[in-house]
Amino acid sequence: MASTDGQAFLARLAPHRAIDYQREDWKALAERFDIVFDASGTSTFPECRRLLAPGGTYVHTLPNAALFGWSWWLKLTAKERCVPVMERPNRADLVTLVRLAAVGRTQSVVTRIGGPGDVPALQRAMEGGHNRGKIIVRFAPDS
């Protein structure tokens, strides 16, 4: 899901279904999905639950106490799952990501690169909530 301006960027990622949230009410969709992945942290599980196919999974990258509560409750009472994702880098996960990237199963899209002096502006851009892809801060010049 992306804004109208973000549809071209989204199309490059080849999603099964791209939704323009400015033109389509995603909360009213009749479709059901195996996975609803909120990478921006702008939805809630109750908003997305009706979009899940039986046994579907809702993934959220900015977990809070409510999300952990839903995760626990659903394990006990339902087939749907709610997965709060918290980044904890470890070697095994990084090796897995490198392997997936090497065979084209995952990709990272870099949209902005800056130096240490650019960090305040890059941070403001991230806080604006409309960043596409990854932002990189280089602390050493390219060799």
(request) Report whether or not ALA39 is out of contact with any Asp or Glu (no Cβ under 9 Å at 6 or more places or on another chain), at pLDDT 80 or above and not β-branched (Val, Ile, Thr). (result) no
(request) Tell me which of these VAL85 doesn't satisfy, since it passes every other one: (1) at pLDDT below 80; (2) over 24 Å from GLY41 (Cα atoms). (result) (2)
(request) Among the candidates ARG105, ARG132, ARG112, ARG138, single out the residue that is closer than 29 Å to GLY6 by Cα and in contact with a Phe, Trp or Tyr (Cβ under 7 Å, 6 or more places away or on another chain). (result) ARG132
(request) Any residue in region 78-89 that's within 17 Å of ASP34 (Cα to Cα): show its pairings with residues that are surrounded by 14 or more Cβ atoms within 10 Å (Cβ to Cβ) and of a type in the set (D, E, K, R) at Cβ separation under 7 Å, as long as the two are six or more apart or on different chains. (result) GLU80/ARG49
(request) Sort out for me the strands (runs of 3 or more DSSP E) sitting completely within region 58-143 that have 1 or more residues that are loosely packed, with under 12 Cβ neighbours inside 10 Å and aliphatic (A, V, I, L, M). (result) 110-114
(request) Please find, within region 108-143, the residue that is modelled with the highest pLDDT out of those that are within 17 Å of the chain's Cα centre (by Cα) and polar (S, T, N, Q). (result) THR111
(request) Considering every residue within region 9-25, establish whether at least one is surrounded by 13 or more Cβ atoms within 10 Å (Cβ to Cβ), in a helix (DSSP H, G or I) and under 15 Å from the mean Cα position of the chain (by Cα). (result) yes
(request) For region 113-127, state whether one or more residues are within 26 Å of SER43 (Cα to Cα) and in contact with a Leu (Cβ under 9 Å, 6 or more places away or on another chain). (result) no
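The values are calculated or read from the model by the stated rules, or taken from the named source; none is laboratory data. Remember, predicted model here, so these are calculated numbers, not experimental data. As a convention, Cβ positions derive from the backbone with ideal geometry for all residues, glycine included, and neighbour counts pool all protein chains shown.
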